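Quick note: the coordinates plus some simple rules give every number you see, no bench work behind them. Not measured: the values here are computed from a predicted model. Backbone-built Cβ (ideal geometry, glycine too); neighbour counts: all protein chains shown.
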Amino acid sequence: MLKNGTLGKIRKVYVEYPQGWLSTLKESEGNAQASWRTDPKRSGIAGAMGDIGTHAFNMAEYVTGLQVTHLCANLNIVVDGRMLDDDGATFMKFNNGATGVLMATQIAAGEENCIKIRVYGEKGGLEWKQEDANTLLVKWLDKPAEIYRAGTGYVSSYASHNSRTPAGHPEGYLEAFANLYRNFSLTVRAKANDEKPKEEWLDFPGVDEGIRGMAFIENVVASGKSDAKWTEFKV
């Protein structure tokens, strides 16, 4: 819908990834996952923003088809004794003039993995969250909201290609990884046979997305340490 301009020019993007599992100092309690994710020697320069903020960033760029050009970030260490950020947010500017807000936190007590995105255009907006992955809510400026469901006959060719079960059968996290592997494999096989891959097969992240994800970590940490209001997104 966004690719076809159904919602008009994109104006606003909100993406959030709240978790609550690091609300206490689990790295001091023998939790292996917490130990390496919060250790700068093993995890790098960022904690929550590097761990889950990159997923929110990638989702914002992937869903909208836009790229972040500038950001203004604030990173926090909420739990005493932690060495890397466990909470943060950033304002974003996109290359079409749209603005956005990204929030990533691992100290939102009670939250699990509720990554969520809202995108608003001139004519309407859409909303999706991982914890109800089969549902897309589409809101219109001048008519009632609509609910789209995975596995149905009215979704796009991309959605149909990546639907593995009939409507009403839950699918999500693991199937999403399987779709990436399948699309990559189909594309490699087609190129090996000197065939042109179908557009739907090309729907997987590549080197550029990986580089921009790493650049996001470096840029958001630099912005968080800077006194400047906005910093340019550098790759």
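What the table below lists for this structure:
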quantity: Dipole of the chain, positive direction: furthest Cα of GLY50, PRO166, ASN95, with charges on the beta-carbon; calculated: ASN95
quantity: Proximal charge balance of TRP36 [Cβ under 15 Å; K/R count +1, D/E count -1]; calculated: 0
quantity: Spin-label pair LYS196/ASN31, simplified geometry with 7 Å Cα→Cβ offset, distance in nm; calculated: 5.1 nm
quantity: Value of Rg/Rh across the range 24-70 [Cα atoms, Kirkwood radius]; calculated: 1.15
quantity: Candidates per trypsin sites (Lys or Arg not before Pro) in the range 5-102, loop by DSSP, up to 15 other Cβ within 10 Å; calculated: LYS9
quantity: Neighbourhood charge, 13 Å Cβ-Cβ cut-off, centred on ASN179 and excluding it, Lys, Arg +1 and Asp, Glu -1; calculated: -2
quantity: Computed E for THR69/ARG149 - FRET, C-beta separation, R0 30 angstrom, nearest 0.05; calculated: 0.30
quantity: Of LYS12/LYS41; LYS93/LYS191; LYS3/LYS26; LYS129/LYS234, pairs whose Cα-Cα distance is over 32 Å; calculated: LYS12/LYS41; LYS93/LYS191; LYS3/LYS26
quantity: Estimated distance in nm for a label pair at CYS114 and VAL188, the labels positioned 7 Å out from Cα along Cα-to-Cβ; calculated: 3.8 nm
quantity: ALA133 paired with MET83, simple spin-label distance in nm, labels 7 Å along Cα-to-beta-carbon; calculated: 3.3 nm
quantity: Potential extension, TYR181-LEU141 segment - 0.36 nm per residue separation minus Cα distance; calculated: 10.6 nm
quantity: Within the range 139-227, GluC sites (Glu not before Pro) in DSSP loop having at most 14 other beta-carbon neighbours inside 10 Å; calculated: GLU195
quantity: Overall Cα dimensions of the chain, principal axis frame, Å, largest first; calculated: 52, 39, 38
quantity: Loop sites in the range 1-63: GluC sites (Glu not before Pro), DSSP, at most 10 other Cβ within 10 Å; calculated: GLU29
quantity: Counted charge near GLY168, where neighbours are those whose Cβ lies closer than 14 Å (Asp, Glu -1; Lys, Arg +1); calculated: 0
quantity: Charge dipole (debye, nearest 20) of the range 125-235; +1 at Cβ of Lys and Arg, -1 at Cβ of Asp and Glu; calculated: 80 debye
